[in-house]
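Data first, discussion second: the structure below is written as structure tokens.
The values are calculated or read from the model by the stated rules, or taken from the named source; none is laboratory data. Everything numeric here is computed off the predicted structure, so don't read it as measured data. Using ideal geometry, Cβ is built from the backbone for each residue, glycine included, and neighbour counts are taken over all protein chains shown.
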Amino acid sequence: MKFRTTLLALAVVFIMMPIAATMSDAGTAYPSIFSSSVSYGTVYTGESFSIYVNSTYGFDNYTAVLVFSGMNLTGMAPGTSVIAEKSASPDIRFNITAPSNPGTVTILVMTSAVGSTTMDYRTTVQLTVVDPIKMQATISNPTLYYMYNVTVTFALNGNNVSKVVIPKLAPYSSQVVTVNSSAISLISKGENSIQVYTSTPGTVVSGGTTFYYGTPPNYSWIYYIAAVVVAFMIFLAYSAGRRSVPKSPKWKK
């Protein structure tokens, strides 16, 4: 009885272990010569992106099915399940729109192919959906000449996260550039910085900034204590001003 209880406890622990957010769990295949891998990354809410399913080469009639599940999939397209038509290619791409809410999306991946027999593969992956980091900069051309192919690079804490190319920037003109990034892993608790720079000499860049992530230090208690001290000093001064001079005893008159 004790042995069965131990096995049950181990089974519960195993079931509750989380699946890694950046790779698939060990899939099941029949026969074992057929398998599939899933390529994806962290995406931001509402983003249009692609999921690639790559299966073993050398077979026919490939099929891939993705089934999505999560707490709130509002805004996700094309829906809760995607079925790819049978294809001669083992590499199948799914075009997806991420949900409008941050969270974790679990994806059940089911693939099959035909050789001497029909082979199936199953695996589960998890997709992290985050609110995007929105970065904006104003790029100005203060010269008399046109500037072409101005590459604007956005960096987060010194790490390049996005690039935008301005095809043409007229003399004495400015252009606002906005990007969304899902590089949440680069943000640390405390002060963070966004840097913006261009590849073209002579441009003027405005958009670098710093921001604080987490609960900022709270120094209000310092001002509270200072206010109490000042109030007490005012009270003492006021009390001293109202203090009356003691009268002489009558017998001294």
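Worth a mention:
- Criterion (modelled with pLDDT of 60 or more, touching an Asp or Glu at 6+ places or on another chain (Cβ under 9 Å) and over 30 Å from Asn101 (Cα atoms)) met by exactly one of Thr28, Thr63, Thr56, Thr45: Thr28
- Segments classed as strands (runs of 3 or more DSSP E), wholly inside segment 50-148, with at least 3 members that are touching a residue at least 24 places away in the same chain (Cβ under 8 Å) and surrounded by 13 or more Cβ atoms within 10 Å (Cβ to Cβ): 60-69, 91-97, 103-114, 118-130, 133-141
- Residue check, Val67 under 25 Å from the mean Cα position of the chain (by Cα) and farther than 14 Å from Ser36 by Cα: yes
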